[in-house]
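Here is the structure we will look at.
The values are calculated or read from the model by the stated rules, or taken from the named source; none is laboratory data. Here the structure is a predicted model, which is why all the values come from computation and not from measurement. Please note: Cβ atoms are built from the backbone with ideal geometry, for glycine as well, and neighbour counts cover all protein chains shown. Just the protein is used for accessible areas: all its heavy atoms, side chains included, with ligands, DNA and RNA removed. Shrake-Rupley method; radii C 1.70, N 1.55, O 1.52, S 1.80 Å.
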Amino acid sequence: MSDEPSNNRSEGPNRRNQEPQFNWRGFIFFALCAMLVGSALMFKDSEGKSITKSYAQFKEMLDKDLIVVDADHPLSLSRSASTGEEFIVGFYRDLKSGSPQSLTVSDSGDTQESSKVRVTKEQFPKFSTPVNLDFEKEELHKLLQAKNLNYSHVVDKDVWGSLLVTFLPLLLILGLIYFLVRQQLRSAGRGAMSFGKSRARLLAQDRNKVTFKDVAGVEEAKDEVQEIVEFLKDPKKFQRLGGKIPKGVLMVGSPGTGKTLLAKAIAGEADVPFFSISGSDFVEMFVGVGASRVRDMFEQGKKNAPCLIFIDEIDAVGRHRGHGMGGGHDEREQTLNALLVEMDGFDTQEGIIIIAATNRPDVLDPALLRPGRFDRQVTVSLPDVKGREEILRVHAKKVKLAEEADLSKIARGTPGFSGAELANLINEAALLAARKDMKSISTPELEEARDKVRWGRERRSLALSEKEKENTAYHEAGHAILIEVLEHTEPLHKVTIIPRGPSLGSTMWLPEEDKFTLRRNEILDDLVVAMGGRVAEEIKFGDVTNGAMGDIRQATGLARKMVCAWGMSPKMGMIEYGEDEGTVFLARDLGRSRNYSEVTAGRIDDEVKRLIDEAYATATALLTQHRDRLDAIAAALLEYETLDGSQIKEIMQNGRMLNPPTPRQRPPAPPPIPKVTVNRPVQTEEEDPGGLAPGLAGAPA
């Protein structure tokens, strides 16, 4: 490919995204129209205004000798060339304005009084009387001859001025409407009929270029799409052997795993045009717009072949047909039909490859996934420990990282993190180091950022009473002891009674390695650990709180999956009861019912309760056996607020800490709020039978 076409393509989107410039031509046009209208009106006004008199008033003025005729005040018969109307135009003596009643006209045309007081012509107003000479000509001649008056014939020759005044305002309004509508259509989307135009954006390859070096942690996915890059670089290599490159590649993976980044890297490696569009961009309120945009998108692809077309979140337009809630003739179905036809209608030799991304492949239409359309599915899974370290190193290049910072330790402590979460971790660590006025990011900042991303930020400003702190300390101590005592649990990471996220305290454990399967003994021990907080509260205080709500929810979910999905209940056997409820498609699953009877449902509930009760009994026995350690860990938590796993292990082995942590400086307590006595009505038990206002809940976990 030459450099010139690529430059033209890269400049195209920038030119389309420019803001509309000021319309100087329209401004000059309106200014000229305004000047013409103003001059025409001034010309009309310069002729002087005349007072319209009826024909009867004109005869009355003749009888009273009020009409003045001289060289400065002629009497004329005027006819308009545009309308053909005729008028008697002259000047008269206005008695109401105080003009002299006895006047004489000299030969020189000056009007004088008998007292020789000169009267100027501005004292005589102008009048006009409409006449019809076809009927009033003879009568008019007799009246004027009786007064020895003559008139002259005048034709109104200002035809263009009349037409200008008449039609120019209309032209001005039409021109204004034209320019306003034209500007609106331009800003609305490159013309009035742009609804069916594709909204695919052509990304420039000369800037922000992404290659496979910028993508880490998905080595298998990169290997699968490497063939696409080689085909786009050298298509004849595959065509010689008769092989065909996949027409479409569907990337499937959890949110944040790097599907869009991988698609950009393919385009960057192949150095071809890259069209990017979202699935929601096809769907509009107008019927048929989505199908038209699909056709236009493929037309653009053929003009820029070889190229890549990337459709993000294709499940917005590629959902299963026939399962729509709005009937069969749905706009999304029409768009999907057009997409199916276009994908199966063009040849792979044209060099157009479709790449789509989704995290809900279960809701896609089967016709979209068949060979010939999306031939290959690439699973972009969560990275393993090696991939997480590579991702952290990629994002660490953009920040100032200290030399002693251990990214491998952070990678081991972030199982289940996606690429987006790891990028967020590096960013949070940079922000934390900047708040501390540090010159670089070290390992403690990275660990604090990891804890913040996974469990939430510390809420040290939350004011807790000593009683609630003690309850939280025993709750978390119960979890910590069971993690250390039980055999099939993960290593303890940290225990804290500092509120973090939605909880008042946290017991954190991290696996030593990535785990993809769960053993039955491990799940049973997890059930016992979940019961530890409630049991510790009961042992110490003889009462329980609602802080174990999250533990109960977690334990119930694990026990039900053991019985219904994982076949770990000897009583219920290896049978799946119900279907996977992890990803629900409402339109498809709305009418489905469970596939077991009411009797079986009762047996399932009994088995789930049995597992929970056994875990509770085991936790009670173990914590009662280690009651002294429970008190010691709770006291240490009340003193130091946060303990590491090694410090908990020291207490379990020696009964005390050999290397206690340095106590953190607590912020000064806020001044006490003065009590205000308010006269309130006494509330009886009938008015508040519960004794507590609804909605009060702590959440130590």
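Quick look at the values:
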quantity	calculated
Qualifying residue in the range 160-171 (condition: of a type in the set (S, T, N, Q), assigned to a loop (DSSP other than H, G, I, E, B), at pLDDT below 75 and touching a strand residue (DSSP E or B) at 6+ places or on another chain (Cβ under 8 Å))	no
Members of the range 232-254 that are touching a residue at least 60 places away in the same chain (Cβ under 8 Å), assigned to a helix (DSSP H, G or I) and open to solvent by less than 70 Å² (accessible area, probe 1.4 Å)	Leu232
The range 361-382 residues that are more than 13 Å from Met251 (Cβ to Cβ), paired with ones that are acidic (Asp, Glu) and open to solvent by 50 Å² or more (accessible area, probe 1.4 Å) (beta carbon under 7 Å, 6 or more apart)	Gly372/Asp344; Arg373/Asp344
Where a residue in the range 57-71 is under 13 Å from Leu143 (Cβ atoms) and its partner, wherever it lies, is open to solvent by 50 Å² or more (accessible area, probe 1.4 Å), with Cβ under 7 Å and at least six apart	Leu62/Lys147
Residue match in the range 639-647 (condition: over 30 Å from Glu576 (Cα atoms), open to solvent by 100 Å² or more (accessible area, probe 1.4 Å) and at pLDDT 85 or above)	yes
Selection status of Pro511, surrounded by fewer than 18 Cβ atoms within 10 Å (Cβ to Cβ) and touching a Pro at 6+ places or on another chain (Cβ under 7 Å)	yes
Any pair with Cβ under 9 angstrom, 6 or more apart, that starts in the range 509-525 at a residue that is farther than 18 Å from Pro570 by Cβ and ends at one that is open to solvent by 80 Å² or more (accessible area, probe 1.4 Å) and part of a helix (DSSP H, G or I)	Leu510/Arg412; Pro511/Arg412; Glu512/Arg412; Glu513/Arg412
Filter result (under 30 Å from Leu392 (Cβ atoms) and in a loop (DSSP other than H, G, I, E, B)) within the range 443-472	Gly456, Arg457, Arg459, Arg460
Pairs where the first residue, in the range 555-580, is under 19 Å from Asp613 (Cα atoms) and the second is assigned to a helix (DSSP H, G or I) and open to solvent by 100 Å² or more (accessible area, probe 1.4 Å), C-beta under 9 Å, 6+ apart	Ala559/Lys609; Met568/Lys561
Sole exception among (1) open to solvent by 40 Å² or more (accessible area, probe 1.4 Å); (2) not β-branched (Val, Ile, Thr); (3) not in a helix (DSSP H, G or I) for Leu261, by number	(3)
Residue within the range 651-668 that is in a loop (DSSP other than H, G, I, E, B), at pLDDT 80 or above and open to solvent by 90 Å² or more (accessible area, probe 1.4 Å) present	yes
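The rows are residues; the columns are (1) within 15 Å of Tyr616 (Cα to Cα); (2) at pLDDT 90 or above; (3) assigned to a helix (DSSP H, G or I); (4) open to solvent by 30 Å² or more (accessible area, probe 1.4 Å).
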{"site": "Ile523", "(1), (2), (3), (4)": "yes, yes, yes, no"}
{"site": "Ala530", "(1), (2), (3), (4)": "yes, yes, yes, no"}
{"site": "Ala548", "(1), (2), (3), (4)": "yes, no, yes, no"}
{"site": "Asp551", "(1), (2), (3), (4)": "yes, yes, yes, no"}
{"site": "Gln554", "(1), (2), (3), (4)": "yes, yes, yes, yes"}
{"site": "Gly557", "(1), (2), (3), (4)": "no, yes, yes, yes"}
{"site": "Arg560", "(1), (2), (3), (4)": "no, yes, yes, yes"}
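For (1) among the basic types (Lys, Arg); (2) open to solvent by less than 10 Å² (accessible area, probe 1.4 Å), each residue gets a yes or a no:
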{"position": "Arg393", "(1), (2)": "yes, no"}
{"position": "Ala411", "(1), (2)": "no, yes"}
{"position": "Ala420", "(1), (2)": "no, no"}
{"position": "Ala429", "(1), (2)": "no, yes"}
{"position": "Glu448", "(1), (2)": "no, no"}
{"position": "Asn471", "(1), (2)": "no, no"}
